[in-house]
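Please treat every number below as a calculation from the coordinates, not as lab data. It should be emphasised that the depicted structure is a prediction, and the values quoted were computed from it without experimental measurement. Positions of Cβ are backbone-derived with ideal geometry, glycine not excepted, and every protein chain shown enters the neighbour counts.
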Amino acid sequence: MPFSNKTIIITGGAKGIGEGCARVFHRENGNIAILDVDEDAGKLLAGELGERARFYKCDISNEKQVKKTIGQVVVDFGAVDVLVNNAGILIYASVTQTSEEQWDRTLDVNVKGAFFCAKYAIPEMQKRGKGVVVNMSSVQAFVTQQNVAAYATSKSALIGLTRSIAVEYAPEIRSVAICPGGVDTPLNREAFSQSPDPDLVRQETIDLHLVERMAEQEEIGELAAFVASDKGSFITGQPIRIDGGIGIRVAGSKKS
Ligand SMILES: NC(=O)c1ccc[n+]([C@@H]2O[C@H](COP(=O)([O-])OP(=O)(O)OC[C@H]3O[C@@H](n4cnc5c(N)ncnc54)[C@H](O)[C@@H]3O)[C@@H](O)[C@H]2O)c1
């Protein structure tokens, strides 16, 4: 099994894509450290996974909490082999509507949080002589829409962080950015529910994808596990899109 005796830290691992990652890496025999601010969901998932899974309450935008938590993961599991920087938030606002507070919170969680986790996980990987940092970016780093200014900026920044980690710590440590299209998660379901017609917005989101559906959480987890495994060992410094073909159709073109 690819992750036997390996420890995988998954931020935002309590729900959504992070949960999908936790389930896949656990199935592949890894030790799972779920870092999240949602204590109820995190404990529930760790309890369900059982052996080899633990929940750690940690706000990744707080450097002291990240340092302490990663230290505790090493005490509990003995090492850090893979970091999945997945936790992220999305605030809907245009450039002129975004408050400084909204901008800072988005960048603090989505970018600074990933930086803090990498800062404290990489030295642990170096002790093992090997490691992988997977950053959950988004297709929004390449194609975007109105009213997600801070989010799209943060997801683009993660690709820069991915390159920096890959260049600075090669060949022992690799870093890969995963860029999903629409995934059926609490984040999206919450966004749809705020619209006057949630079913319509959901269908419009589905219609953006050539494959005519959104991704399941574990599909993203499967890609994360592949790039983090030895099978993905020739991949580093790159963003990989897993997006159902979103954004490649010429506007106005129709199926023949
Ligand atoms: N859902 C999508 O369509 C989609 C598409 C592309 C990229 N992504 C990215 O994937 C990641 C996960 O998205 P999701 O849809 O599963 O979101 P989600 O809201 O369903 O889950 C995110 C998890 O992160 C946790 N979290 C939030 N802030 C945190 C913090 N400061 N510290 C620790 N944990 C925190 C939440 O409690 C939650 O459990 C995000 O980075 C998101 O930008 C999502």
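Here the contact order of the range 35-100, divided by its residue count and restricted to Cα pairs under 8 Å and six or more residues apart, works out to 23 percent.
Projecting label points 7 angstrom from Cα along Cα→Cβ for residue 75 and residue 40 puts them 2.8 nm apart. Computed over the range 97-158, relative contact order equals 47 percent, with contacts defined as Cα pairs under 8 Å that lie 6+ residues apart.
What number, in nm² with one decimal, is the all-direction average of the projected area of the convex hull of the alpha-carbon atoms of the chain?
In nm², the orientation-averaged hull projection of the chain is 14.4.
Could you tell me which of 65, 152, 88 has its Cα farthest along the dipole of the range 60-177 towards the positive end, charges placed at Cβ (Lys, Arg +1; Asp, Glu -1), taken about the Cα centre? With unit charges placed on the Cβ atoms, the residue in question is 65.
The Cα center of the range 31-100 and the Cα center of the range 179-256 differ in position by 22 Å.
Other residues whose C-beta falls under 9 angstrom from the C-beta of residue 65 contribute a net charge of +2, scoring Lys and Arg +1 and Asp and Glu -1. Summing charges over neighbours of residue 46, with a neighbour being any other residue whose Cβ is under 14 Å away from its Cβ, gives -2 when K and R count +1 and D and E count -1.
For the chain, a crude dipole built from +1 on the beta carbon of Lys and Arg and -1 on the beta carbon of Asp and Glu, taken about the Cα centre, is about 760 debye to the nearest 20. Over all directions, the projected convex hull of the C-alpha atoms in the range 134-233 averages 7.2 nm² in area. Considering helices alone, the calculated mean residue ellipticity of the chain at 222 nm is -14000 deg cm²/dmol, with DSSP H runs of length four and up weighted by -39500 (n - 2.57) and normalised per residue. Here the 3J(HN,Hα) profile of the range 119-125, calculated from phi with Karplus coefficients 6.51, -1.76 and 1.60 at θ = phi - 60°, is 4, 9, 7, 4, x, 5, 5 Hz, Gly and Pro shown as x.
Rounded to the nearest 20 debye, the dipole size of the range 93-147 about its Cα centre is 460 debye, using +1 on the Cβ of Lys and Arg and -1 on the Cβ of Asp and Glu. Computed from phi, the 3J(HN,Hα) profile of the range 145-152 under the Karplus parametrisation 6.51, -1.76, 1.60 (θ = phi - 60°) reads 9, 6, 6, 10, 4, 5, 5, 4 Hz, with x in place of Gly and Pro. For the range 7-242, averaging the sequence separation of C-alpha pairs within contact (under 8 Å, six or more residues apart) and dividing by the residue count gives a relative contact order of 22 percent. Each residue of the range 79-96 was assigned a 3J(HN,Hα) from its phi angle through the Karplus curve 6.51 cos²θ - 1.76 cosθ + 1.60 (θ = phi - 60°); the sequence is 5, 10, 10, 9, 10, 9, 7, 10, 4, x, 10, 9, 10, 8, 6, 7, 4, 6 Hz, with glycine and proline shown as x. Computed from Cα positions, the angle between helix 16-27 and the longest principal axis of the chain comes to roughly 40 degrees. Highest mean packing comes first when the peptides 108-116, 89-97, 51-59 are listed by Cβ atoms within 10 Å, giving 108-116, 51-59, 89-97. What angle, in degrees between 0 and 90 and rounded to the nearest 10, separates the Cα long axis of helix 63-77 from the longest principal axis of the Cα atoms of the chain? Roughly 50 degrees between the two axes. Binning the alpha carbon pair distances of the range 1-58 at 10 angstrom intervals from zero yields the distribution 30, 59, 11, 0, expressed in whole percent. I'd like the orientation of helix 39-49 relative to the chain: the angle between its Cα long axis and the longest Cα principal axis, in ° from 0 to 90, rounded to 10. Once rounded, one gets 70 degrees. Each of residue 62 and residue 190 was given a label point 7 Å from its Cα along the Cα-to-Cβ line. The distance between the two points is 1.8 nm.
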